[in-house]
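Working notes for the structure below.
The values are calculated or read from the model by the stated rules, or taken from the named source; none is laboratory data. This one's a predicted model, so the numbers in the text were calculated from it and none came from an experiment. Here the Cβ positions follow ideal geometry from the backbone for every residue, glycine too, while neighbour counts run over all protein chains shown.
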Amino acid sequence: MDLPPSPRDLGQDAYARIREAIRDGTLTPGLRLTETDLAARFGVSRTPVRQAIAKLESEGLLSHEPRRGLTVTRPDHAQVMELYVMREILEGAAARLAAQHATETEIAAMAELIEAEPDSMSAPRTLAEINLRLHGLIYLAARNRYLLRSLEQLSATMALLPSLLMQGNRAEAAHAEHRAILDALRRRDPQAADDAARAHVRAAQRHRLAWLVSTVGVPMAAPGASD
């Protein structure tokens with residue numbers, strides 16, 4: 001006779017489902033949430049939802065806003081910049097290790113994904129999926145479970161930010177940057193792979209910063225505002 005799921009298992013399942021809904025954009029940044037709404041949405045009781053909320057709050061994916069209550073976190077300017085600093089460090093390390101440990105099969109799979117990018121420039125969801133799979137392959141090829149865990153957590157938090165791949169020429173630029181990373185991996189050059197991955201993240205950060213300035217603006221008291 002099968003035993004019913006334990007409260008802990010139900011809480012973990014609720015956590016995974018809510019986290020995925022944040023990652024795929026179903027639950028958008030700033031969206032107000034309640035235990036009751038989440039329980040109804042995911043077909044579980046409030047107890048596992050409460051457990052999931054506590055874990056997601058500790059990870060920074062959910063927050064309590066004054067007068068609004070529980071919401072999906074909306075990263076501010078400082079948080080966005082901090083995320084990119086960590087992303088540069090972690091992705092550089094992943095590429096460096098992948099240059100040493102990736103199998104030829106893994107590198108061939110990365111190349112196949114990169115070659116599919118130009119044909120997907122007019123299909124945002126397909127291009128985003130390719131991007132996620134490519135970066136995921138690099139993370140796995142690094143062969144470091146602790147780095148992978150850190151990257152998975154960072155990726156979950158980055159999911160709070162809207163994709164900018166289809167804005168301006170970012171998709172084309174990202175494709176060229178991916179090719180530079182692939183070239184370094186093929187040459188088994190750890191330093192070049194690290195440099196290429198870091199350059200890729202810095203380019204994404206510049207694009208994100210331009211988007212932030214155009215959509216949110218800058219504080220009136222920002223240094224240089226009167227220049």
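Observations
- A197 being among the hydrophobic types (A, V, I, L, M, F, W, C), in contact with a Gly (Cβ under 7 Å, 6 or more places away or on another chain), assigned by TED's automatic domain parsing to the domain that holds L90 and in contact (Cβ under 8 Å) with a residue 12 or more places away in the chain: yes
- Residue match in region 181-194 (condition: in contact with a helix residue (DSSP H, G or I) (Cβ under 6 Å, 6 or more places away or on another chain), surrounded by 18 or more Cβ atoms within 10 Å (Cβ to Cβ), of a type outside the set (F, W, Y) and within 30 Å of L27 (Cα to Cα)): no
- In region 158-186, the residues that are in the same structural domain as H135 (by TED's automatic domain parsing) reach residues that are of a type in the set (D, E, K, R) with C-beta atoms within less than 6 angstrom, at least six apart or across chains, in these pairs: A159/R23; L164/R170; H175/E117.
- Residue match in region 55-69 (condition: surrounded by 17 or more Cβ atoms within 10 Å (Cβ to Cβ), in contact (Cβ under 8 Å) with a residue 60 or more places away in the chain and not aliphatic (A, V, I, L, M)): no
- Of note, V49 satisfies the criterion of being touching an Asp or Glu at 6+ places or on another chain (Cβ under 7 Å), more than 18 Å from P162 (Cβ to Cβ), assigned to a helix (DSSP H, G or I) and β-branched (V, I, T).
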